[in-house]
Amino acid sequence: MNYITKDNISFILATIGSLGTIYTLFAQRQKFSLSIQSYSHKNNSLLMYVSFTNRSRLPISILNVSIIQDNVCYPCVYVPTKVRECTRRSGKEVISHKEDFSIQFPISLSSLAGSSGYLYFDKLPKNYPNDATDLTVQVSTNRGRAKKMKLLVPNE
């Protein structure tokens, strides 16, 4: 019996190719996480300090982050905006001055890397809850469809 035939070789190569395709599809899945480090809501605006983590071996770009409230998406501000300012003084002398800006989009994350920054939402509805314990967020990336996440709001 001769096992080395054209049909057997074609079958083995097709099987290897199929396994490679399946592996590639699973390797290209979106594997990222988002966590809220701090949360502040006032006057129909929301400021969150968040951490993004890419757990995939492929780079990913985060194109948009929106809050979902009553099935309506409220996107964050894309252009860096001054969100905090802190000045320390000793008498009349300024010791230090720091300005924090919201994160710039798109957020590019290399493989197995992370980033953090402020997300600023300036157009929330008037009925947005002041005492939210969890938050539904939709994150759009350059790979696949938008991902909805339910995040816990940290206690201040």
Report summary line: In degrees rounded to 10, the 0-90 angle between helix 6-27 Cα long axis and the longest Cα principal axis of the chain is 10 degrees
Query raised in the report: Straight-line reach from K126: which aspartates and glutamates have a Cα under 20 Å away, not including same-chain ones fewer than 8 places off?
Result: D70, D134
Query raised in the report: Which of the chymotrypsin sites (Phe, Trp or Tyr not before Pro) across segment 7-60 are loop residues per DSSP, with 15 or fewer other Cβ within 10 Å?
Result: none
Report summary line: The simple spin-label model distance between K42 and D7, using points 7 Å out along Cα→Cβ, in nm, is 7.8 nm
Query raised in the report: Going by average Cβ neighbours within 10 Å, how do the peptides 106-112, 125-131 rank, with the highest at the top?
Result: 106-112, 125-131
Query raised in the report: If r is the Cβ-Cβ distance from L124 to T24 and R0 is 41 Å, what FRET efficiency results, to the nearest 0.05?
Result: 0.55
Report task. Using only C-alpha atoms and all pairs of different ones, pull out the Kirkwood radius for segment 83-156 in Å with one decimal. Result -> 16.2 Å
Report summary line: Packing-ranked peptide list from 71-82, 89-100, highest mean Cβ count within 10 angstrom first, is 71-82, 89-100
Query raised in the report: For the pair E93 and I16, how long in nm is the line joining their label points, each one 7 Å along Cα→Cβ?
Result: 7.4 nm
**Report entry** Positive-end residue of M48, G91, S108, charge dipole of the chain with Cβ unit charges
**Finding:** S108
**Report entry** Two-site label geometry, M149 and T133: point separation in nm, points 7 Å out along Cα→Cβ
**Finding:** 2.1 nm
Query raised in the report: Under 25 Å from the Cα of K147, which lysines turn up, not counting those fewer than eight places away in the same chain?
Result: K31, K123
Report summary line: For K6, the aspartates and glutamates lying under 13 Å Cα to Cα, once residues fewer than eight places off in the same chain are dropped, come out as none
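Calculate the translational D of the chain in whole µm² s⁻¹ from Stokes-Einstein, where the hydrodynamic radius comes from the Kirkwood formula applied to all Cα pairs, the temperature is 20 °C and the viscosity 1.002 mPa s. Please list the in-between numbers first.
Values: Rh = 18.7 Å.
Estimated diffusion coefficient is 115 µm²/s.
About its Cα centre, what dipole magnitude does the chain give when the only charges are +1 on Lys and Arg Cβ and -1 on Asp and Glu Cβ, stated in debye to the nearest 20?
It comes to approximately 180 debye.
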Query raised in the report: What residues from segment 120-139 fall in the zone where the backbone N is under 19 Å from a label point 7 Å along the Cα-to-C-beta line of S35?
Result: 133-139
Requested in this report: Would you compute, from DSSP H runs of 4+ residues alone, the mean residue ellipticity of the chain at 222 nm, taking -39500 (n - 2.57) per run and dividing by the full residue count, rounded to the nearest 500?
Outcome: -5000 deg cm²/dmol
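Computed from the coordinates by the stated procedures, all read-outs in this text should not be read as laboratory data. Not measured: the values here are computed from a predicted model. All Cβ positions, glycine included, derive from the backbone under ideal geometry; neighbour counts span all protein chains shown.
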